[in-house]
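Laboratory data are not the source of any read-out in this text; all were calculated from the coordinates shown. Computed from a predicted structure; not experimentally measured. With ideal geometry, Cβ positions are generated from the backbone for all residues, glycine too; neighbour counts draw on all protein chains shown.
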Amino acid sequence: MKKLKTFFLETYGCQMNFSDSELVEGLLIRGGLTPASEAEEADLILVNTCGVREHAEQRVFGRLGLFKTYKEDSPHKLLAVIGCMAQRIGEQILEQAPWVDLVLGPDGYRKLPQLIEELTGENHSQLAALAFEVSETYEDLAPTRKNHLSAWVPISRGCDNFCSYCIVPYVRGRERSVNPDSVERQVREQVAGGALEIVLLGQNVNSYRYGDTDFAALLRRLDGIEGLRWIRFLTSHPRDLSDRIIEAMADCEKVCEHLHLPVQSGSDRVLGLMNRGYSRAFYLERVAALRERIPGLGLTTDILVGFPGESNGDFGETVSLMNEVQFDYAYTFKYSPRPGTVAARKKEELSEEEKSLRLDTVIQLQRSHTRQALHSLRGRVLEALPVQKAKSGEGILQGKTRSNFNIFLSAGESCLGRVVRARVSGNTGMNLLGELAEG
Ligand code: 5AD
Ligand code: SF4
């Protein structure tokens, strides 16, 4: 059997999945493999998958069809499906796509080098590694980083919320928090390597707890790290967004004025059916508390339309909540039944057309809110971090503001990778335009 030299890793899904891919890459590179620039050239192709909606899974099956043709041309190639979809339907993937060599769940990445070894032996058969490891946090494994200015640092894995529509607790297992000493060490390493921003990751960072350290305490601890400029985190759960966390956000100089706080629905009845653990009034009260304590907060959300049994009236409540809150941005989704979840057992009364109409409505509404939010910032001076030259023109840099808006900045290249003060001069539908502010 030819020895494997190169790999190609393709990733779908959320930031946590992209962060996992950095871990997997680190493992493979330390194992002596080098990254290939095209899947077609690689000895080992890995697809890190998402299972959150059916569409994401269908795309992966499409990719597997393409990779089959590569294997026909070079039979020594290996193909691995890893991540959430592998965990959910690994056995089914091996059966439906018999050219797949390995399915590997999110708790099994440590085994990858050993599994590859087995697969490169004589007469290997397909392998599945789908066991949960409830204490696995990978905190000792160094990831490779794509972006040196901004680094993801996972602070927890898994999820215990069991929202009735969501597959994540079934594919990522029980929630576990990373030791804060290890989080701090990783952040310091990243800062020493040039990172100005860190993004703390977890399915529900607000429920982080390790011994006496809760999320608020973790933020305060990381805020003291010299050289670090911005701290962000994803994702928050409204039920667990305590006053302590809001206070820490307000007090900590480095914690950005940005919060991603998925609401999903504006209807109490639907929120109950979703098992979200809060009411519309509770959510609105949290937003009011946040905005009072954190001026200039950029607030983003997730909206899920077409949940089984969502009536016209329920949907109207979501629209009215969006109008009331005026989110800066919303990721909008059409409900997709996930086998094994509680909601998937409910009869779907809404047609695909009706769900699509609702989705269109919230997309249009959010567009107008985003535009208004961007417009209202004209003339303001904001902190921004330009990270790359814009494709749109000479002398324009692209980056983010602390409040998480995209900004196109007229500035020289010497500003790349530096936190600067930018005066907002205008906007497009999705981005701010700006120039360097004096002083
Ligand atoms: N169908 C559609 N969207 C979903 N999400 C989670 N589960 C589903 C599903 N079954 C959305 C939620 C979540 C985001 C990451 O994905 O809005 O916040
Ligand atoms: Fe991320 Fe959830 Fe998709 Fe897994 S299923 S990749 S946790 S969004």
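Quick one: of the DSSP bridges fully inside the chain, what percent are antiparallel, nearest 5? Taking every DSSP beta bridge with both residues in the chain, the antiparallel ones total about 35 percent. Local charge for Asn312 was computed over the other residues whose Cβ lies under 12 Å away, with Lys and Arg +1 and Asp and Glu -1, and equals -4. The loop-placed GluC sites (Glu not before Pro) in segment 379-439, going by DSSP, that have at most 15 neighbouring Cβ atoms within 10 Å of their Cβ come out as Glu394, Glu438.
Under 5 Å from the amide H of Ile45 lie the amide H atoms of Phe8, Leu78, Leu79, Ala80, each residue being 5 or more positions distant or on a separate chain, with H modelled from the backbone and absent for Pro and chain starts. Each Cα pair under 8 Å and six or more residues apart adds its separation to the average, and for segment 381-436 the resulting relative contact order is 35 percent.
Counting other Cβ atoms within 10 Å of each Cβ, which chymotrypsin sites (Phe, Trp or Tyr not before Pro) in segment 145-200 have at most 11 and sit in a DSSP loop? Could you put the intermediate results ahead of the total?
Details: sites: Trp152, Phe162, Tyr165, Tyr170; in loops: Phe162, Tyr165.
Passing sites in segment 145-200 do not exist.
In loop segments of segment 290-365 as defined by DSSP, the GluC sites (Glu not before Pro) with at most 14 further C-beta atoms inside 10 Å of their C-beta are Glu349.
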